[in-house]
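Remarks on the structure that follows.
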Amino acid sequence: MNKKCTGDEKRSDGKDNPQDLLRKLPSVDMLIGKTTDNPDFADTPRVVVIDAVRKSVDELRRTIQADPDGFREAELAPEAIDRRIGEKIEAAMAENLVSLVNATGVVVHTNLGRSLLAKDAIRHMTTISERYSNLEFDLKSGKRGSRYTAVEDILCEISGAEAAMVVNNNAAAVLLALDTLARDREVIVSRGELVEIGGSFRIPDIMAKSGGILREVGTTNRTHPGDYEQAINENTGLLLKVHTSNYAIVGFSASVSLRELVGIGKIRGLPVMEDLGSGTFVDFRRYGLMKEPTVQESVRAGADVVTFSGDKLLGGPQGGLLVGSRTVMDRIKKNPLTRAFRIDKLTLAALESTLRLYRDEDKAVREIPTLRMLTCSAEEIEQRAEALEERIRRIDSQRITAEPVDSISRAGGGSFPLLEIPTKCLSITVSGMSASRIDRLLRKGSPPVIGRIESERYLLDVRTIADDEINGIEKAIGRLPGHSNKTNQTETK
Ligand SMILES: *Cc1c(COP(=O)(O)O)cnc(C)c1O
């Protein structure tokens, strides 16, 4: 705008001066009219068209001003401008939250949405979202009801607890329980259990927010019953056990079991709470995996309240589940914070259906995707790897290869920190292309495919891939650039 130009005539180097180029920019109004008339954009909201046109023209203007000599005049051709506008409209109309292929092998991947819902849960959620429901209405009495009744019975039935309730995630469940039981009172926790869970959930911070006063006992690797007993005083409100779900202390270590803690609590008249984190109703040893404490065991050990997530090993929607004794749960239910942490009806519908599946464990393991992926047989993994390999071979390119390799899947979601589940991966190579570039291109593709890089190799772990995603993966890999012999992209970065 503020560049000085002396005339309209061509300069001695034969190039247009900036004013000439700027004058060749079509008018915004004309472009809006033209784009609106284009049948391709018949359904595009007018505001989106206007914005795309303005941005395109602005962009061109700025490019010209920044470097008039380097500007390619072909950018001003009507087709080029239309293309620019079209791309902007497409980007604006694309949804931000999209589904993708998780080929990382991490089953409960917090960044990729943790758990996939069972078909029953999706069906129930759809029904409840399309119609009115008895969310807070008692059909027997015709009076106002509680939204928690939808899941309380089934939660008690599966866990063996006297009472239960749910909030919107486990962090809220922990905060709610601490606020109810330990506001302005001391909460005794072992130093070995002051964990940080991903996404900035730290036990000491949650404690501070709840108004509970953290009283650390023991050491990082060893805590004994006597440590709790000695720390108890007239201001103690709660004994808390936290399942160190995302790491393990091995070697010279000792911790106090929940049962022992409950024993101490009984003698001293103190409630005992356990934050299980990734709660499960299934004993995974039955499926050749490691032991992860179950909710039933914690209830049987006598905890007054047990909290756990709905979308980690449970395989349901995001939620914070609390089960425990009637007296303690009644106090928790009366806390006004429950209103702020209220679970929404869609989650409630999905949770109810997921929980119902646990009445028949075989069915739960078959139908809840998280459980299915964790317990998937070696043969099934092998077959899927072969199917995917076969499909990648079909891609017409000498430069792409897929080689099966043995590797390790992880449970994720802060569960089973030491568990290594044997799996099959396909190592994808594209000649002249580094693993990190393959990773980047597939991540930006459609559908986005997220794999992992291991010792400079790009791997697709088939454990977390669904059979009906193989098509999409084949397409995404087929679209990788530079794999036909004619082009000579030899990028190494
Ligand atoms: C994951 C976890 C939480 C937080 O649960 P969200 O459902 O993610 O809110 C709390 N405590 C422990 C021990 C956990 O593992």
Scanning region 112-169 for residues that are touching an Asp or Glu at 6+ places or on another chain (Cβ under 6 Å) and closer than 30 Å to ARG452 by Cβ gives ARG114, SER115, ALA118
Restricting attention to region 263-271, does a residue exist that is within 16 Å of the ligand (Cβ to nearest atom) and open to solvent by less than 70 Å² (accessible area, probe 1.4 Å)? no
Give all pairs with beta carbons closer than 9 Å in which a residue from region 408-431 that is free of Cβ contacts under 8 Å to residues at least 24 places away in the same chain meets a residue that is open to solvent by 10 Å² or more (accessible area, probe 1.4 Å) and in a strand (DSSP E or B); count only pairs at least 6 apart in sequence or on separate chains. GLU420/ILE408; GLU420/ARG410
Return the only residue of ASN102, ASN168 being within 16 Å of the ligand (Cβ to nearest atom) and modelled with pLDDT of 95 or more. ASN168
In region 240-260, the residues that are more than 16 Å from the ligand (Cβ to nearest atom) and outside any loop (DSSP other than H, G, I, E, B): ALA254, ARG259, GLU260
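Each row is one residue, and each column tells you yes or no for (1) part of a strand (DSSP E or B); (2) of a type in the set (Ser, Thr, Tyr); (3) more than 12 Å from the ligand (Cβ to nearest atom).
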{"residue": "PHE281", "(1), (2), (3)": "no, no, yes"}
{"residue": "LEU289", "(1), (2), (3)": "no, no, yes"}
{"residue": "SER298", "(1), (2), (3)": "no, yes, yes"}
{"residue": "VAL323", "(1), (2), (3)": "yes, no, yes"}
{"residue": "ARG331", "(1), (2), (3)": "no, no, yes"}
{"residue": "THR338", "(1), (2), (3)": "no, yes, yes"}
{"residue": "LEU348", "(1), (2), (3)": "no, no, yes"}
{"residue": "LEU355", "(1), (2), (3)": "no, no, yes"}
Tell me, please, whether a residue that is farther than 25 Å from GLU456 by Cα and either surrounded by fewer than 16 Cβ atoms within 10 Å (Cβ to Cβ) or of a type in the set (Asp, Glu) (or both) can be found in region 401-422. no
Working only within region 151-199, note down all residues that are without any contact (Cβ under 8 Å) to a residue 12 or more places away in the chain and not in a helix (DSSP H, G or I). GLU196
The residue that is modelled with the highest pLDDT, considering only those in region 408-429 that are part of a loop (DSSP other than H, G, I, E, B) and hydrophobic (A, V, I, L, M, F, W, C), is LEU419
Going through region 430-450 one residue at a time, which ones are touching a Gly at 6+ places or on another chain (Cβ under 9 Å), assigned to a strand (DSSP E or B) and open to solvent by 20 Å² or more (accessible area, probe 1.4 Å)? MET433
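Okay, residues lined up against (1) open to solvent by less than 50 Å² (accessible area, probe 1.4 Å); (2) part of a loop (DSSP other than H, G, I, E, B); (3) assigned by TED's automatic domain parsing to the domain that holds PRO417:
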residue: MET30; (1), (2), (3): no, no, no
residue: THR35; (1), (2), (3): yes, no, no
residue: VAL47; (1), (2), (3): no, no, no
residue: VAL57; (1), (2), (3): yes, no, no
residue: GLN65; (1), (2), (3): yes, no, no
residue: GLY70; (1), (2), (3): yes, yes, no
residue: ALA74; (1), (2), (3): no, no, no
residue: ARG84; (1), (2), (3): yes, no, no
residue: ILE89; (1), (2), (3): yes, no, no
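Table: residues versus (1) of a type in the set (A, V, I, L, M, F, W, C); (2) more than 16 Å from the ligand (Cβ to nearest atom); (3) closer than 18 Å to LYS475 by Cβ.
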position: ARG391; (1), (2), (3): no, yes, yes
position: ARG394; (1), (2), (3): no, yes, yes
position: PRO404; (1), (2), (3): no, yes, no
position: SER407; (1), (2), (3): no, yes, no
position: GLY412; (1), (2), (3): no, no, no
position: ILE421; (1), (2), (3): yes, yes, no
position: SER427; (1), (2), (3): no, yes, no
position: ARG452; (1), (2), (3): no, yes, no
Result of the Cβ filter at 6 Å on region 66-82, keeping first residues that are touching a residue at least 40 places away in the same chain (Cβ under 8 Å) and within 18 Å of GLY33 (Cβ to Cβ) and partners that are open to solvent by 80 Å² or more (accessible area, probe 1.4 Å) and of a type in the set (A, V, I, L, M), at least 6 apart or interchain, is none
Given the residues GLU157, GLU152, GLU162, which is the only one that is touching a Ser or Thr at 6+ places or on another chain (Cβ under 6 Å) and away from the ligand (no atom under 13 Å from the Cβ)? GLU162
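In this structure, does LEU176 turn out to be modelled with pLDDT of 95 or more, within 24 Å of the chain's Cα centre (by Cα) and either within 16 Å of the ligand (Cβ to nearest atom) or over 26 Å from SER255 (Cα atoms) (or both)?
yes
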Residue among LEU97, LEU181, LEU139 that is within 26 Å of the chain's Cα centre (by Cα) and modelled with pLDDT of 95 or more: LEU97
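Before we move on, is LEU355 over 26 Å from LEU258 (Cβ atoms) and at pLDDT 95 or above?
no
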Since LEU238 meets every condition but one in (1) within 18 Å of VAL306 (Cα to Cα); (2) within 29 Å of the chain's Cα centre (by Cα), which condition does it not meet? (2)
Among the residues of region 123-131, is there at least one that is at pLDDT 95 or above, open to solvent by 40 Å² or more (accessible area, probe 1.4 Å) and in a loop (DSSP other than H, G, I, E, B)? yes
Checked ARG463, ARG457 against criteria (under 30 Å from GLU196 (Cα atoms) and either modelled with pLDDT under 95 or touching a strand residue (DSSP E or B) at 6+ places or on another chain (Cβ under 9 Å) (or both)); the one match is ARG463
Residues of region 198-229 being within 16 Å of the ligand (Cβ to nearest atom), within 26 Å of ASN335 (Cβ to Cβ) and of a type in the set (Gly, Ala, Ser), which ones? GLY199, SER200, ALA208, SER210, GLY212
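The values are calculated or read from the model by the stated rules, or taken from the named source; none is laboratory data. Quantities reported herein were computed from a predicted structural model and do not represent experimental measurements. Virtual Cβ from ideal backbone geometry, glycine too; neighbours counted across all protein chains shown. Heavy atoms of the whole protein, side chains included, go into the accessibility calculation; ligands, DNA and RNA do not. Shrake-Rupley method; radii C 1.70, N 1.55, O 1.52, S 1.80 Å.
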